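Okay, structure first, notes after.
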Amino acid sequence: MTRTDTRSGATATTSVENVDMKLEVVVVPVSDVDRAKEFYGRLGWRLDRTPPGVVQYTPHGSGCSVQFGQGLTSAAPGSAESYLVVSDLRAARDTLVAAGVEVDAIFHLGPDGPVDGPDPERSSYSSRAMFQDLDGNSWVLQEITNRLPGRVEAGQTSFDSASDLAGALRRAAAAHDEHEKRTGASDPNWPDWYAAFMVSEQTGAEPPR
């Protein structure tokens, strides 16, 4: 794609792959706005300021929000299905259940389909649990701690919340303990090792040994 700088008359080539596009909002079709507000507020999500007629909630640690309201979508209430990424599925499920949300039992994806219980290896992308809002819109909780290669660019790694950072530090500490057992020596450069491990989780790169 070629564009012209109208101020200088110069031309420049822009590749569409280099245009930043960040997912901002997912619209959820609901039948009763007030009832939906009660449900999504119960999840502990932040109620944002919006124009009249639009209700927006943002999950803790998320860069993307959900919106609902009269006339926002022609989709049938209850027809949406979305994913929520968590780093500790058991803890997330327990917290939601304690808040009065009905969450299905944890399962994982086996070679022949869903299997009861979390993935034995706690592999990323495998363990899941589901819940629905009062209209039947489905939310899938998916446990991800180690991203597939290329999912996050190396220069853009970040943590969206203190709890995400704390979880990454705990996993780095456990992995570093195994590293010291393998080498048979104390590692004085553990901060560098932790940092490399935490970045590798997000980018899918090979972790330090």
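Counting charges near residue 78 (Lys, Arg +1; Asp, Glu -1) among other residues having Cβ under 13 Å from its Cβ returns a value of -3. Between the labelled values (1) 110; (2) 209; (3) 127, the entry that holds volume of the Cα convex hull per residue in Å³ as derived from this structure is (2). Listed by Cβ neighbour count within 10 Å, with the fewest neighbours leading, 43, 89 appear as 43, 89. Packing here is the average count of other Cβ atoms within 10 Å per residue, and on that basis the peptides 133-141, 184-192, 161-169, highest first, run 133-141, 161-169, 184-192. Identify the residues of segment 70-88 with backbone N under 14 Å of a label point that sits 7 angstrom from the Cα of residue 123 along the Cα-to-Cβ direction, or state none. The answer is none.
As a rough footprinting exposure proxy, the listed residues 194, 125, 40 were ranked by other beta carbons within 10 Å of their own, and the order from fewest upward is 125, 194, 40. Around the Cα centre of the chain, unit charges on the Cβ atoms of Lys, Arg, Asp and Glu (plus for the first two, minus for the last two) sum to a dipole of about 420 debye.
This ranking places 60, 179 by how few other beta-carbon atoms lie within 10 Å of each, fewest first, which gives 60, 179. Counted residue by residue at 0.36 nm each, then reduced by the alpha carbon distance between them, the extension gain from residue 138 to residue 70 reaches 22.5 nm. Here the spin labels are modelled as points 7 Å beyond Cα on the Cα-Cβ line, and at residue 112 and residue 94 they lie 3.2 nm apart.
A short reminder: the numbers here are calculations on the coordinates, not readings from a lab. Being a predicted model, the structure only gives us computed values, none of them experimental. All Cβ positions, even for glycine, are placed from backbone atoms using ideal geometry, and neighbour counts span all protein chains on display.
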